Amino acid sequence: MQIAVLGIDLGKNSCSVVGLDTTGRVVLKRRLHRDGVLKLAASIPSCVMALEACCGAHHLGRILRDHGHEVRLMSPEYVRPYVKAQKNDDRDAEAIAEAATRPTMRFVTLKSETQLDMQSLHRARDRLVGERTALINQLRAILLERGIILPQGRRKLELHLTPLLAGDPMAISPRTRLLVNDLHLEWTELDRRIEAFDAEFAAQARTDETARLLTTIPGIGPLNATALAASIGNAQTFQRGRDLAAWLGLVPKQMTTGGKPKLLGISKRGNRYLRKMLIHGARAALPSLSKGETPMGGWLRDLLARAHVNTVVVALAAKLARIICAVLRTGRKFELTSAAVS
């Protein structure tokens, strides 16, 4: 039995494995515990190990790579077309093995433990930010029910909330005052935890060479830099900058038929968190970049003259994605060049 490709359908406890020979014929089909997959990998000659890029795949992939196997991770949406007939774990594993043999298949790079740690920190921070937003919205609704309307903005709300709690006791009932004070204390604790994450990201951006390169790009701060470094590494997976922009969902969605192309809004594919952070960074950098006497400044001013500012922000985010890819692939810092004066 010579296995050329071993497809592994990961489960929390049990996994289905299907082995294909060099002709694509199924020569092995088993259901194993996770430990059994490792024992099987250690007992067979080096081959291609194919997995879907799901939870736990990077950890298992690194172990299989250490056993001398070639690990290929794929997005589940690219594996789905290869599932034949009714879906079950064995057919999923067979589809994973078959998809890994396709010459046009796109593979996911194995992430290191450090990259996964940084991604986990970003997800934890994003959850805290969501909790803080929900808490602030609830706080506003409670006060609005009592006829108290406060200005928009998180900082403005905080400035008006302290005098409100210390002011006229008749403005709100004693029980509501206690509730608002409790929510304010919870808000303060969330701010403290988010600031601790931000400080950790800033320290990481100063020590990590990849993040330091990214912070030379306008609109890319420590938060964006560490998130991008954890997700795409050195960007060798992407052949050109537009591929990274497309992976982030920042390029137009195509609806082409009969040879007649039609471009819609951005595709919004890929990592939603990275796309959101990149757009926020582009929005922050737009005012200063559009005033500069650089080729990018002239391009932005031309766009602002004929398009909505939100459209320009997304276009700038797509350009930043291309710049990010170029900086990571070349290892050189980004420099804004001045426009030639005639």
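The values are calculated or read from the model by the stated rules, or taken from the named source; none is laboratory data. As the structure is a computational prediction, the values presented were derived from the model and not from experiment. Glycine also receives a Cβ, built like all others from the backbone with ideal geometry; neighbour counts cover every protein chain displayed. The accessibility values were calculated without ligands, DNA or RNA, using every heavy atom of the protein model including side chains. Shrake-Rupley method; radii C 1.70, N 1.55, O 1.52, S 1.80 Å.
Around the Cα centre of the range 159-215, unit charges on the Cβ atoms of Lys, Arg, Asp and Glu (plus for the first two, minus for the last two) sum to a dipole of about 160 debye.
Of the whole protein surface, ARG31 contributes about 130 Å² of accessible area at a 1.4 Å probe radius.
From the coordinates of this entry, Kirkwood radius over Cα pairs in Å is computed, and it appears in [x] 23.9; [y] 20.4; [z] 21.1 under the label [x]. Charges were assigned to the Cβ only: +1 to each Lys and Arg, -1 to each Asp and Glu. The resulting dipole of the chain about its Cα centre is roughly 1040 debye.
The solvent-accessible area of LEU116, taken with every protein chain present and a 1.4 Å probe, is close to 40 Å².
Close amide H partners of MET49, meaning residues 5 or more places away or on another chain with modelled amide H under 5 Å apart, are LEU6, GLU70, VAL71, ARG72.
Note that the range 139-152 has calculated 3J(HN,Hα) couplings of 4, 4, 5, 4, 6, 5, 5, 9, x, 9, 10, 10, x, 6 Hz, one per residue in order, obtained from phi through the Karplus relation 6.51 cos²θ - 1.76 cosθ + 1.60 (θ = phi - 60°); glycine and proline are x.
Taking the C-alpha atoms only, the angle from helix 89-100 to the longest principal axis of the chain is near 90 degrees. Largest first, the residues PHE238, PHE107 sort by 1.4 Å accessible area into PHE107, PHE238. In the chain, helices alone account for a calculated mean residue ellipticity at 222 nm of -18500 deg cm²/dmol, with every DSSP H run of four or more residues adding -39,500 (n - 2.57).
A 1.4 Å probe, protein heavy atoms only, puts the accessible area of GLU70 near 90 Å². Normalised by the number of residues in the chain, the mean separation of alpha-carbon contacts (under 8 Å, six or more apart) gives a relative contact order of 12 percent. Computed from backbone phi, the HN-Hα couplings of the range 218-229 come to x, x, 10, x, x, 5, 5, 4, 5, 5, 5, 4 Hz, rounded to whole numbers (Karplus: 6.51 cos²θ - 1.76 cosθ + 1.60, θ = phi - 60°; Gly and Pro given as x). Solvent-accessible surface of the chain, averaged per residue with a 1.4 angstrom probe and all protein chains in place: 57 square angstrom. Below 8 Å between Cα atoms, with a sequence gap of 6+, how large is the relative contact order for the range 1-140 in percent? Relative contact order, the range 1-140: 24 percent. Surface listing: SER288, SER75, SER14 arranged by accessible area from highest to lowest gives SER288, SER14, SER75, probe 1.4 Å. Amide H to amide H distances under 5 Å link ILE266 with LYS253, where only residues 5 or more positions off or on other chains count and H is placed in the peptide plane.
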